[in-house]
Amino acid sequence: MWIFLNDKFVRKEEAVVSVFDHGFLYGDGVYETLRSYGSRLFMCAQHIARLFRSAEAIGLTVPIQRERWPELLHESMARNDVGTAHRDAYVRVTVSRGAGGIGLDPSLCPSPTVVIMAQPLVTPAAALYERGIDVILASTRRNVPGALPPQIKSLNFLNNILAKREAIAAGVFDSVLLNWEGHLTECTISNLFFVTAGHLHTPSLECGLLDGITRSIVLQLAKEQRCPVTEGRFTPAQLYHSDECFVTNTSMEIMPVTSVDRRPIGNGKPGPLTQMLRNLFSGARERFLEPSSL
């Protein structure tokens, strides 16, 4: 496996980061994950733009010019024989504050650390899309935006990890986190949607959640179909009594949810609007891929 580290590609065994790296010591850094369909990256420009926005929000300068990123991502895929007609790619980009002395002062780190890893995309089993997944409401609350803004896709993921541990202990696929007011936000690595009487609902960004890229596409597709959509503040009771539910992220696309806290959603099967949006997403995918010339 080849890893891009700082300024060159090295073998996995040589891809070593200092124990003094502030990403390791303090979670001081940002990241993005992308996927390909064949050789073409999905929403590549949007992912790169969000990486730079996250870095800017924490005062971190990404040391590689924005226009170079597509080339580097594709070279990473090519070196690892992924992003091909037979093997979609999962690409993880990490930019940390870099190595420096012990202490919280960012100026201790003269150079950021940049890592690109590309490997085969592993998607959820097809059966999960047919029967849906089970989730729970976590007791762990989402970080208060005033303390750690959710629009920063940071390396500090402990909040999500605690909620994921709850899901694992409960034997379910994932957890839904509530915010400081008890309103729905998102799952540990995905955005949340639910449907009531044909009306699509999703927590607003003001509730304290990441502006997911697939989330934005789903909202766009729903509005193109003149499906009523509300972004707002919603309670667990509204989710419990919904007719359908699904979650979204880049690698899963649209995944049906058929139970919350062991309570069936609707009839306990993926619903018709969920299925329609999945079909629309598949049909519209070409619009969100890089030009085939890349």
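Run down the lysines and flag those whose C-alpha is under 24 Å from the C-alpha of K153, throwing out any fewer than 8 positions away in its chain. Here the lysines satisfying the reach criterion relative to K153 are K164. Considering the chain, its Cα convex hull presents a mean projected area of 15.5 nm².
P(r) tail, the range 126-286: Cα-Cα pairs separated by more than 19 Å, 50% of all pairs. Within the same chain, aspartates and glutamates fewer than 8 places from K8 are excluded, and of the rest, those with a Cα less than 20 Å from its Cα are D21, E32, E67, E71, E75, D81. Classify the range 97-216: rounded, prolate or oblate, from the alpha-carbon gyration tensor (a ≥ b ≥ c, eigenvalue square roots; a/c under 1.5 rounded; otherwise prolate if a/b is larger than b/c)? Cα axes put the range 97-216 in the prolate bin.
Values in this text are rule-based calculations from the coordinates and carry no lab data. Remember, it's a predicted structure, so these values are computed and weren't measured experimentally.
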